[in-house]
Amino acid sequence: MRQAGRSLPEYRKIRQGVGMLESCRRPDLVTEITLQPVRRHNVDAAIFFSDIVVPVAAAGIDLDIVAGTGPVVAEPVRTEVDLARLRAIEPGDVAFITEAVELLVAELGTTPLIGFAGAPFTLASYLIEGGPSRTYLKTKAMMYGAPDLWNALLARLAEITLTFLKVQVDAGVSAVQLFDSWAGALSEADYRRFVMPHSASVLRGLVDAGVPRIHFGVGTAVLLEAMGEAGADVVGVDWRTPLDVATKRIGPDRSVQGNLDPAILFAGWDTVEREARRVLQQGGSAPGHVFNLGHGVMPETDPDVLTRLTALVHEVSSR
Ligand code: 1CP
């Protein structure tokens with residue numbers, strides 16, 4: 001999950017004095033940082049080290065990833081004139097991604113590499129707000145108030161996202177994950193009307209890619225069915241919905257990913273073990289279950305708890 005590396009001293013060391021965007025553009029650093037949690041925790045797959053705003057920066061948007069804050073956009077995208085600054089991308093614009101994926105696939109051997117991208121809604125929220133938001137006021141104002149501009153923006157982002165994911169597939173990733181982290185801010189009706197067609201066009205574009213497509217969001221209890229319908233093989237579920245309940249909503253044709261609350265990792269081993277066993281048991285009702293946290297790893301997490309958790313999941317699920 002996002003930022004497993006952030007809890008590691010070896011990650012903090014290698015990132016010293018190197019900005020986040022710069023580290024994403026350096027294949028040597030991307031390779032080393034991606035491998036760090038795999039070496040430490042013996043997890044079953046690696047998640048590519050990058051960020052959802054990397055392709056947007058490659059598309060011409062002036063932005064930075066500020067430590068302790070997240071993505072910050074110099075001039076937010078709020079008008080048609082602004083939209084012209086967001087151009088389509090060519091694979092050559094992200095050649096450093098191809099190089100990093102190829103290096104990693106060679107290093108990882110049989111361990112699969114999961115590539116990823118941000119979904120159009122979540123990317124649009126950063127572009128319109130100018131940075132992280134709790135209320136998505138400007139985002140929703142455009143969505144309801146200027147639907148033509150909204151649809152043009154999300155269509156452009158879908159195109160960029162699809163190119164970005166295809167670059168990763170062509171370079172050798174074994175699965176792709178589409179992060180719509182903030183879609184939980186929407187009602188089901190609005191999600192279906194304003195967002196789902198754009199995410200579906202990304203996922204549809206990967207039908208023939210031959211890799212599983214994971215579709216992830218947070219606070220998406222009411223959206224799980226639609227997020228599956230958008231074209232996912234695996235639906236990510238945060239910790240708020242038990243996986244057996246989620247499976248009933250999503251239907252029998254799709255697998256689930258999740259969903260231990262990242263905060264549980266701070267509650268002592270007995271609680272971690274009890275809750276992890278519960279998640280595995282409830283996940284057993286889905287046709288397939290990728291054990292994971294319900295969202296990213298908090299930077300303050302004790303890495304040894306993650307190592308122990310991975311061993312527990314291996315032990316229980318190999319029975
Ligand atoms: O384990 C990893 O490090 C994997 C690489 C990874 C991924 C998959 C990073 C590195 N970011 C992401 C995806 C990402 N980025 C998402 C979707 C997944 C999720 O919901 O967790 C989102 C919403 C972002 C945007 C972002 N980038 C934020 C959130 C800001 C907000 O709105 O609250 C933050 C803090 C970042 C910066 C970032 N990205 C990644 C790291 C390691 C960091 C921290 C920066 C640093 O260490 O300097």
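The values are calculated or read from the model by the stated rules, or taken from the named source; none is laboratory data. Keep in mind that what you see is a predicted model, and the values were worked out from it rather than measured. A quick note on method: Cβ atoms are made from the backbone with ideal geometry, for glycine too, and the neighbour counts reach across all protein chains shown. Please note that ligands, DNA and RNA were not included when accessible areas were found on the heavy atoms of the full protein model with its side chains. Shrake-Rupley method; radii C 1.70, N 1.55, O 1.52, S 1.80 Å.
Assigning unit charges at the beta carbon (Lys, Arg +1; Asp, Glu -1) and nothing else, what dipole magnitude in debye, to the nearest 20, does the chain show about its Cα centre? Intermediate results must be reported in sequence, preceding the final value.
On the way: 30 positive and 38 negative charges, 103 e Å.
Charge dipole of the chain: 500 debye, to the nearest 20.
What lysines does residue 248 reach when the alpha-carbon gap must be under 16 Å and sequence neighbours fewer than 8 apart in one chain are set aside?
none
Could you order the peptides 89-100, 24-35, 192-203 from most to least packed, using the average number of other C-beta atoms within 10 Å per residue? All intermediate terms of the calculation are to be shown ahead of the outcome.
Values: 89-100: 17.8, 24-35: 19.3, 192-203: 21.0.
Highest mean packing first, the order is 192-203, 24-35, 89-100.
For the chain, state the average projected area of the convex hull of the C-alpha atoms over all orientations, rounded to one decimal in nm².
On the way: hull surface 59.8 nm².
For the Cα atoms of the chain, the hull's average projected area reads 14.9 nm².
Per residue, how much accessible area does the range 152-219 have with a 1.4 Å probe, in Å²? Walk me through the numbers on the way to the answer.
Values: 2250 Å² over 68 residues.
The answer is 33 Å² per residue.
With only Lys, Arg, Asp and Glu charged, each at its Cβ (+1 for the first two, -1 for the last two), find how big the charge dipole of the range 181-228 is about the Cα centre; round to the nearest 20 debye.
On the way: 4 positive and 4 negative charges, 18 e Å.
For the range 181-228, the charge dipole is close to 80 debye.
If you bin every alpha carbon distance in the range 1-117 into 10 Å steps from zero, what whole percent lands in each bin?
12, 42, 32, 12, 2
Counting other Cβ atoms within 10 Å, keep those with at most 16, restrict to DSSP loop, and tell me which trypsin sites (Lys or Arg not before Pro) in the range 49-98 are left.
Working: sites: 78, 85, 87; in loops: 78, 85, 87.
Filter output for the range 49-98: 85, 87.
P(r) for the range 269-310: what percent of alpha-carbon pairs falls in each 10 Å bin, starting at zero?
The percentages, shortest bin first, are 24, 55, 20, 2.
If we sort 268-278, 121-131 on the protection proxy, mean other Cβ atoms within 10 Å, highest first, what's the order? Intermediate values should be presented prior to the final figure.
Working: 268-278: 13.7, 121-131: 23.5.
Taking the mean over residues of other Cβ atoms within 10 Å, the ranking is 121-131, 268-278.
Taking 0.36 nm per residue of sequence separation and subtracting the Cα-Cα distance, how much length would be gained by fully extending the chain between residue 317 and residue 138, in nm to one decimal? Numbers along the way, then the final one.
On the way: separation 179, 0.36 × 179 = 64.44 nm, distance 4.46 nm.
This chain segment gains 60.0 nm when fully extended.
Would you please put 305-314, 54-63 in order of how densely packed they are, using the mean number of other Cβ atoms within 10 angstrom per residue and starting with the highest?
54-63, 305-314
Given the options 215, 271, 154, identify the residue whose Cα lies farthest towards the positive end of the charge dipole of the range 2-317 (+1 on Cβ of Lys, Arg; -1 on Cβ of Asp, Glu).
Of the options given, the answer is 271.
Over 12 Å apart: what share of the alpha carbon pairs of the range 133-196 falls there, rounded to a whole percent? Intermediate results must be reported in sequence, preceding the final value.
On the way: 1498 of 2016 pairs.
Cα-Cα pairs in the range 133-196 separated by more than 12 Å: 74 percent.
What accessible area per residue, rounded to a whole number of Å², is obtained for the range 1-147 using a probe radius of 1.4 Å?
Numbers: 6630 Å² over 147 residues.
Per residue, the range 1-147 has 45 Å² of solvent-accessible surface.
Just the number, please: percent antiparallel of the DSSP beta bridges in the chain, rounded to the nearest 5.
On the way: 4 of 25 bridges.
Expressed as a percentage, antiparallel bridges in the chain total about 15.
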